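Chemist: One structure, as structure tokens, below. Some questions next.
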Number of protein chains: 2
Amino acid sequence: MPLTLGLVGGGVVGGGVVDMLRNNPNIKFSKICVRDTSKKRDYDVPEGCTIIGDVNEILNDPAIDVVVEVMGGTGLAKEVTLKALHSGKSVVSANKALISKHMNEIEEAAAPTNPNGGQFLYEASTCGGIPIINVFLRALAGDKIKNFAGIMNGTTNFILSKMEMEGAGYADTLKEAQDLGYAEADPAADVEGWDARSKLVILVRIAFGVVLDEEKVPCVGISKVTAEDFAYAKMAGKTIRIIGSASETPDGKVSAWVSPVLVPSTSALSAIHGPTNCVQVCSERLGISSYSGAGAGRYPTANSIVSDILDLAGGKPKSHPYGGKVQGAELTDDYESEFYLRFVVCDQVGILNVLTGRMAEAGISVFSILQVPIKDKERVPFAVFTEKCKLSQTHQLLKLIQGIGFLLEEPVILPVSAQ
Amino acid sequence: MPLTLGLVGGGVVGGGVVDMLRNNPNIKFSKICVRDTSKKRDYDVPEGCTIIGDVNEILNDPAIDVVVEVMGGTGLAKEVTLKALHSGKSVVSANKALISKHMNEIEEAAAPTNPNGGQFLYEASTCGGIPIINVFLRALAGDKIKNFAGIMNGTTNFILSKMEMEGAGYADTLKEAQDLGYAEADPAADVEGWDARSKLVILVRIAFGVVLDEEKVPCVGISKVTAEDFAYAKMAGKTIRIIGSASETPDGKVSAWVSPVLVPSTSALSAIHGPTNCVQVCSERLGISSYSGAGAGRYPTANSIVSDILDLAGGKPKSHPYGGKVQGAELTDDYESEFYLRFVVCDQVGILNVLTGRMAEAGISVFSILQVPIKDKERVPFAVFTEKCKLSQTHQLLKLIQGIGFLLEEPVILPVSAQ
């Protein structure tokens with residue numbers, strides 16, 4: 001008996017799944033639910049498979065074993081996912097926003113202790129084609145993850161690595177990414193770091209057994225990163241990548257954040273260009289391991305969905321969707337790092353004296369100051385690298401310098417990584 | 001009911017497995033078979049577990065579900081593996097030499113079509129802690145691998161990356177690796193490339209469905225690589241790594257080989273230092289993905305064994321040990337590449353004229369010639385980079401120049417990679 005699928009969503013990724021499995025004798029496509037049933041598809045609908053407009057035709061069909069949710073969003077998708085799981089259907093999902101937001105309800109419905117619930121598989125939700133969920137759940141099942149960090153969003157890595165290569169500005173590069181189809185018309189979810197944050201929250205749940213409220217995870221996007229920041233980074237032997245980072249702190253909390261980071265030009269992360277993702281994991285037994293590949297796109301994402309579907313077709317036994325680890329650890333929204341502070345000032349006497357005075361007040365030591373020769377005295381960007389301090393100290397500094405007349409913009413504050 | 005284990009081999013890796021699973025309530029260690037039962041172990045034997053000297057006590061014990069084979073070798077290990085599988089016990093193995101040599105017999109015993117056979121899992125056999133077997137079998141189950149290549153032996157990568165960093169010679173660096181425990185007293189299996197070749201053969205079976213006779217896979221070790229080769233590589237913007245490479249050729253054959261390769265200094269493989277492994281895979285749907293981590297060592301290897309054991313404890317359904325793909329493809333022992341040829345000659349008039357004449361006879365075009373100013377006229381090493389040609393043409397060249405008086409050593413021939 002083939003495994004019978006109902007797809008909710010028949011767009012780019014759904015079409016990829018159909019293409020990859022259409023000749024597999026163990027898989028049967030039964031129904032594909034789409035918003036507009038009259039729209040022409042860019043793939044052939046398999047024989048015997050019907051295009052429908054009402055998702056209940058899938059949810060109420062007892063012949064359908066697996067619901068493949070590739071519609072996105074957190075409204076109807078939530079209802080579909082939970083209803084399917086509660087009725088004993090398995091769900092294969094690519095929906096990171098839904099999972100990171102409603103982790104607990106999904107866990108409850110798909111827990112192996114719930115005898116009537118279906119299984120929940122979601123490899124495609126996190127880092128596209130990289131099998132990072134399977135690495136966390138299976139390859140490191142007997143190990144203890146200490147920390148992990150990585151490039152978890154392809155769109156922003158495309159933009160940042162292009163800015164690095166071409167010395168281009170943010171706005172122009174975003175426009176180019178949109179023209180090429182790498183960025184959405186409304187790019188906020190990517191460029192503000194929210195997409196990466198959702199993936200970080202999902203991986204933290206597996207790695208540390210902690211459900212984070214994603215709204216509380218410190219998140220800095222790339223929209224304020226300028227060509228000048230890349231120039232200053234280069235002077236310090238570094239470049240800029242947006243990183244999602246999570247670790248257990250010595251006092252048993254979980255530190256998690258998303259931010260552009262100054263990474264050394266010799267690091268593995270600096271070598272990741274274009275819409276590629278890369279996650280580096282440090283675990284107690286295996287040590288450092290690293291996984292990279294396409295972060296998005298029709299077939300990379302479809303490939304992850306297909307590996308989940310084939311797991312179910314192979315008779316995968318029910319297991320905890322997030323590995324079952326549960327800890328009471330709290331999120332800490334503070335962390336220690338060296339920081340890069342970039343100020344933009346209107347040139348006048350005594351600026352450095354004032355700023356370094358406020359930094360001293362906040363307990364922040366200066367490691368180095370970089371300033372290229374001034375071209376325009378009305379707008380002077382310069383960079384300060386700090387010694388190790390806490391993020392909260394840099395926020396304190398922001399308060400201490402608020403309203404100072406020569407500051408033309410809110411300073412950009414980015415962590416600096418040694419690796 | 002916990003899963004009951006019998007370990008065959010109680011050394012470094014076996015001890016790591018015990019350490020990682022001793023507190024797992026789903027796992028019970030029943031017996032550990034060792035060569036010398038009186039020898040003191042560097043780990044605590046779990047309560048209720050006995051140290052034995054006769055492996056039949058494990059093979060004939062109906063209470064033992066899983067045999068963990070960490071003894072190595074291809075003699076007794078083969079007998080133990082096949083007997084256990086035939087009697088319905090599952091086998092978790094770290095033994096690459098055994099698998100690559102006796103793939104067919106293991107496959108027969110562990111095939112899902114054999115109702116009485118046990119399961120065969122072997123993540124630890126290939127690239128230590130990297131879950132590359134699982135990536136091939138599961139993450140790429142619906143994809144088609146086009147080619148893969150990587151650093152598959154930690155000892156030789158330790159030696160080569162140290163030679164690169166320190167400008168040191170091969171013999172001294174090997175000695176240092178031996179002193180540090182990274183290389184065996186008899187280093188042949190590592191430095192001649194045989195260990196990497198076994199892993200390559202295992203991965204080829206999964207990727208392309210082809211069982212290769214490993215003796216026929218072209219294999220060049222690192223023992224002839226000199227500090228001069230690194231110097232010439234550096235002049236060309238490259239460094240040297242020993243790579244296992246496999247691909248499907250346009251005419252439907254499988255090309256597979258192990259050799260030191262000149263890789264660009266900016267490549268991901270050149271960034272792999274020390275006893276680390278890294279495999280890069282190019283597949284039709286996912287595109288290029290890359291996996292790196294510790295290639296050997298007690299806990300990295302144990303971690304892979306543990307992930308296999310936990311799969312069995314979780315009720316993993318029986319599946320084909322190598323993914324079930326079978327193709328009639330043949331091995332081709334020839335491949336096309338640019339090559340680096342390093343000659344050592346006794347200086348005299350007309351050497352280049354003679355050598356380039358013979359190269360023309362073999363149909364090989366010269367891309368560039370590098371020669372550092374001569375220090376010792378009695379022993380002059382110099383390098384020729386060729387245009388693209390076939391490995392077989394370089395072998396033809398070797399024949400054409402055999403016996404020429406000014407040649408002091410057999411030339412070193414290494415492929416040059418653009419990536």
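The values are calculated or read from the model by the stated rules, or taken from the named source; none is laboratory data. This one's a predicted model, so the numbers in the text were calculated from it and none came from an experiment. Methodologically, a virtual Cβ is constructed for each residue, glycine included, from the backbone with ideal geometry; neighbour enumeration extends over all protein chains shown.
Chemist: Anything in segment B:211-251 that is among the polar types (S, T, N, Q), more than 30 Å from B:Tyr322 (Cβ to Cβ) and not in a loop (DSSP other than H, G, I, E, B)? List them, or say none.
Modeler: B:Thr239, the sole residue that qualifies.
Chemist: Select from segment A:27-50 the residues that are under 32 Å from the mean Cα position of the chain (by Cα) and hydrophobic (A, V, I, L, M, F, W, C) and write down the one among them that is nearest to the other protein chains (Cβ to nearest Cβ).
Modeler: Across segment A:27-50, the extreme among qualifying residues is A:Ile27.
Chemist: Scanning for something in contact (Cβ under 8 Å) with a residue 40 or more places away in the chain, within 21 Å of the chain's Cα centre (by Cα) and either surrounded by fewer than 22 Cβ atoms within 10 Å (Cβ to Cβ) or more than 14 Å from chain A (Cβ to nearest Cβ) (or both), does segment B:84-93 turn up at least one residue?
Modeler: No, every residue in segment B:84-93 fails to be in contact (Cβ under 8 Å) with a residue 40 or more places away in the chain, within 21 Å of the chain's Cα centre (by Cα) and either surrounded by fewer than 22 Cβ atoms within 10 Å (Cβ to Cβ) or more than 14 Å from chain A (Cβ to nearest Cβ) (or both).
Chemist: Right, here's the next one. Would you point out which residue out of B:Pro25, B:Pro62, B:Pro46 is farther than 30 Å from B:Leu200 by Cα, without any contact (Cβ under 8 Å) to a residue 60 or more places away in the chain and in contact with a Phe, Trp or Tyr (Cβ under 7 Å, 6 or more places away or on another chain)?
Modeler: Being farther than 30 Å from B:Leu200 by Cα, without any contact (Cβ under 8 Å) to a residue 60 or more places away in the chain and in contact with a Phe, Trp or Tyr (Cβ under 7 Å, 6 or more places away or on another chain) holds for just one of B:Pro25, B:Pro62, B:Pro46, which is B:Pro46.
Chemist: Looking at this structure, is B:Ile305 within 14 Å of chain A (Cβ to nearest Cβ), in contact with a strand residue (DSSP E or B) (Cβ under 9 Å, 6 or more places away or on another chain), without any contact (Cβ under 8 Å) to a residue 40 or more places away in the chain and at negative phi?
Modeler: Details: within 14 Å of chain A (Cβ to nearest Cβ): yes; in contact with a strand residue (DSSP E or B) (Cβ under 9 Å, 6 or more places away or on another chain): yes; without any contact (Cβ under 8 Å) to a residue 40 or more places away in the chain: no; at negative phi: yes.
No, not satisfied.
To keep it simple, each residue is scored yes or no on (1) in contact with a Cys (Cβ under 9 Å, 6 or more places away or on another chain); (2) within 24 Å of A:Ile99 (Cα to Cα).
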| site | (1), (2) |
| --- | --- |
| A:Ile243 | no, yes |
| A:Ala246 | no, yes |
| A:Thr266 | no, no |
| A:Leu269 | yes, no |
| A:Ser283 | no, no |
| A:Gly287 | no, no |
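Chemist: Can I ask one more? Is it the case that A:Val366 is touching a helix residue (DSSP H, G or I) at 6+ places or on another chain (Cβ under 7 Å) and over 18 Å from A:Val225 (Cα atoms)?
Modeler: Values: touching a helix residue (DSSP H, G or I) at 6+ places or on another chain (Cβ under 7 Å): yes; over 18 Å from A:Val225 (Cα atoms): yes.
So A:Val366 fits the description; yes.
Chemist: Additional query: Of the numbered conditions (1) within 20 Å of A:Val326 (Cβ to Cβ); (2) more than 14 Å from chain B (Cβ to nearest Cβ), A:Thr156 satisfies every one except a single condition; which is it?
Modeler: (1)
Chemist: Just name the residue that is nearest to B:Thr126 (Cα to Cα) out of those in segment B:94-104 that are surrounded by fewer than 24 Cβ atoms within 10 Å (Cβ to Cβ) and in contact (Cβ under 8 Å) with a residue 60 or more places away in the chain.
Modeler: Looking only at segment B:94-104, we keep the residues that are surrounded by fewer than 24 Cβ atoms within 10 Å (Cβ to Cβ), and these are B:97, B:101-104.
In the following step, the residues that additionally are in contact (Cβ under 8 Å) with a residue 60 or more places away in the chain were identified as B:97, B:101, B:103-104.
Values: B:Ala97: 10, B:Lys101: 14, B:Met103: 14, B:Asn104: 17 Å.
Among those that are surrounded by fewer than 24 Cβ atoms within 10 Å (Cβ to Cβ) and in contact (Cβ under 8 Å) with a residue 60 or more places away in the chain, it is B:Ala97.
Chemist: Continuing with the same structure: Considering only segment B:95-118, how many residues are within 21 Å of B:Leu3 (Cα to Cα) and either touching a strand residue (DSSP E or B) at 6+ places or on another chain (Cβ under 7 Å) or not assigned by TED's automatic domain parsing to the domain that holds B:Gly14 (or both)?
Modeler: 2
Chemist: Here is a further query. Tally up the residues in segment B:183-201 that are small (Gly, Ala, Ser) and under 15 Å from B:Ser245 (Cβ atoms), please.
Modeler: First, pick out the residues of segment B:183-201 that are small (Gly, Ala, Ser): B:183, B:185, B:188-189, B:193, B:196, B:198.
Now narrow it down to the ones that are under 15 Å from B:Ser245 (Cβ atoms): B:193, B:196, B:198.
Adding up the residues that qualify gives 3.
Chemist: If a residue has to be more than 12 Å from chain B (Cβ to nearest Cβ) and under 25 Å from the mean Cα position of the chain (by Cα) to count, how many in segment A:14-26 make the cut?
Modeler: The number of residues fulfilling the criteria is 2.
Chemist: To continue, here is another question. Restricting to segment B:142-161, give me the number of residues that are within 26 Å of A:Met20 (Cβ to Cβ) and either in contact with a Cys (Cβ under 6 Å, 6 or more places away or on another chain) or crowded, with 21+ Cβ neighbours inside 10 Å (or both).
Modeler: Taking segment B:142-161 and keeping what is within 26 Å of A:Met20 (Cβ to Cβ), we get B:142-150.
Right, trim to either in contact with a Cys (Cβ under 6 Å, 6 or more places away or on another chain) or crowded, with 21+ Cβ neighbours inside 10 Å (or both) and you get B:142-143, B:145-150.
Residues flagged as within 26 Å of A:Met20 (Cβ to Cβ) and either in contact with a Cys (Cβ under 6 Å, 6 or more places away or on another chain) or crowded, with 21+ Cβ neighbours inside 10 Å (or both) within segment B:142-161 amount to 8.
Chemist: So, one more: Could you list, in sequence order, all residues of segment B:300-321 that are surrounded by fewer than 24 Cβ atoms within 10 Å (Cβ to Cβ) and either of a type in the set (A, V, I, L, M) or under 18 Å from A:Ile145 (Cβ atoms) (or both)? Full working, then the answer.
Modeler: Within segment B:300-321, the first condition is being surrounded by fewer than 24 Cβ atoms within 10 Å (Cβ to Cβ), and the residues that meet it are B:310-320.
Residues satisfying the conditions are B:Leu310, B:Leu312, B:Ala313.
Chemist: Among the residues of segment B:123-133, is any away from chain A (no Cβ under 14 Å) and touching a residue at least 40 places away in the same chain (Cβ under 8 Å)?
Modeler: Kept after step one, since they are away from chain A (no Cβ under 14 Å), are these residues of segment B:123-133: B:125.
Checking the rest, the ones that are also touching a residue at least 40 places away in the same chain (Cβ under 8 Å) come to B:125.
Yes, some residue in segment B:123-133 is away from chain A (no Cβ under 14 Å) and touching a residue at least 40 places away in the same chain (Cβ under 8 Å).
Chemist: If you don't mind, another one. Taking segment B:291-314 as the search range and keeping residues that are in a strand (DSSP E or B) and out of contact with any Gly (no Cβ under 7 Å at 6 or more places or on another chain), which one is farthest from B:Asp19 (Cα to Cα)? So that I can check it myself, show each step before the final result.
Modeler: Taking segment B:291-314 and keeping what is in a strand (DSSP E or B), we get B:291-294.
Restricting the remaining residues to those that are out of contact with any Gly (no Cβ under 7 Å at 6 or more places or on another chain) gives B:291-292.
Numbers: B:Tyr291: 26, B:Ser292: 24 Å.
Looking at the filtered set, the residue picked out is B:Tyr291.
Chemist: Let me ask something else. Could you list, in sequence order, the residues of segment B:332-355 that are buried (at least 17 other Cβ atoms within 10 Å of the Cβ) and either part of a loop (DSSP other than H, G, I, E, B) or modelled with pLDDT under 90 (or both)?
Modeler: Within segment B:332-355, B:Tyr335 is the sole residue that qualifies.
Chemist: Looking only at helices (runs of 4 or more DSSP H) that fall completely inside segment A:1-98, which ones have 1 or more residues that are basic (Lys, Arg)? If you could, list the steps in order and put the result at the bottom.
Modeler: Working: elements: A:12-21, A:56-59, A:76-86.
So the answer is A:76-86.
Chemist: Could you say whether any residue in segment A:189-199 is touching a Phe, Trp or Tyr at 6+ places or on another chain (Cβ under 8 Å), of a type outside the set (Gly, Ala, Ser) and either modelled with pLDDT under 95 or part of a helix (DSSP H, G or I) (or both)?
Modeler: Checked segment A:189-199: no residue is touching a Phe, Trp or Tyr at 6+ places or on another chain (Cβ under 8 Å), of a type outside the set (Gly, Ala, Ser) and either modelled with pLDDT under 95 or part of a helix (DSSP H, G or I) (or both).
Chemist: Among the listed residues B:Pro275, B:Pro260, which satisfies the condition of being crowded, with 22+ Cβ neighbours inside 10 Å, more than 8 Å from every other protein chain (Cβ to nearest Cβ) and at pLDDT below 95? It would help to see each step written out before you state the result.
Modeler: Working: B:Pro260 fails: at pLDDT below 95.
Result: B:Pro275 is the single residue among B:Pro275, B:Pro260 that is crowded, with 22+ Cβ neighbours inside 10 Å, more than 8 Å from every other protein chain (Cβ to nearest Cβ) and at pLDDT below 95.
Chemist: Still on this model: Give just the number: which of (1) more than 14 Å from chain B (Cβ to nearest Cβ); (2) crowded, with 24+ Cβ neighbours inside 10 Å does A:Asn114 not satisfy?
Modeler: It is condition (2) that A:Asn114 fails.
Chemist: Can you work out which of the residues in segment A:369-419 that are of a type in the set (Gly, Ala, Ser) and surrounded by 13 or more Cβ atoms within 10 Å (Cβ to Cβ) is nearest to A:Leu341 (Cα to Cα)?
Modeler: Step one: of segment A:369-419, the residues of a type in the set (Gly, Ala, Ser) are A:383, A:392, A:403, A:405, A:417-418.
Those left that are additionally surrounded by 13 or more Cβ atoms within 10 Å (Cβ to Cβ): A:383, A:392, A:417.
On the way: A:Ala383: 6, A:Ser392: 14, A:Ser417: 14 Å.
Filtering segment A:369-419 for residues that are of a type in the set (Gly, Ala, Ser) and surrounded by 13 or more Cβ atoms within 10 Å (Cβ to Cβ), the one nearest to A:Leu341 (Cα to Cα) comes out as A:Ala383.
Chemist: Further question: Say whether the condition of being under 30 Å from A:Val306 (Cβ atoms), surrounded by 24 or more Cβ atoms within 10 Å (Cβ to Cβ), modelled with pLDDT of 95 or more and not charged (D, E, K, R) is met by at least one residue in segment A:210-229.
Modeler: Checking segment A:210-229: not a single residue is under 30 Å from A:Val306 (Cβ atoms), surrounded by 24 or more Cβ atoms within 10 Å (Cβ to Cβ), modelled with pLDDT of 95 or more and not charged (D, E, K, R).
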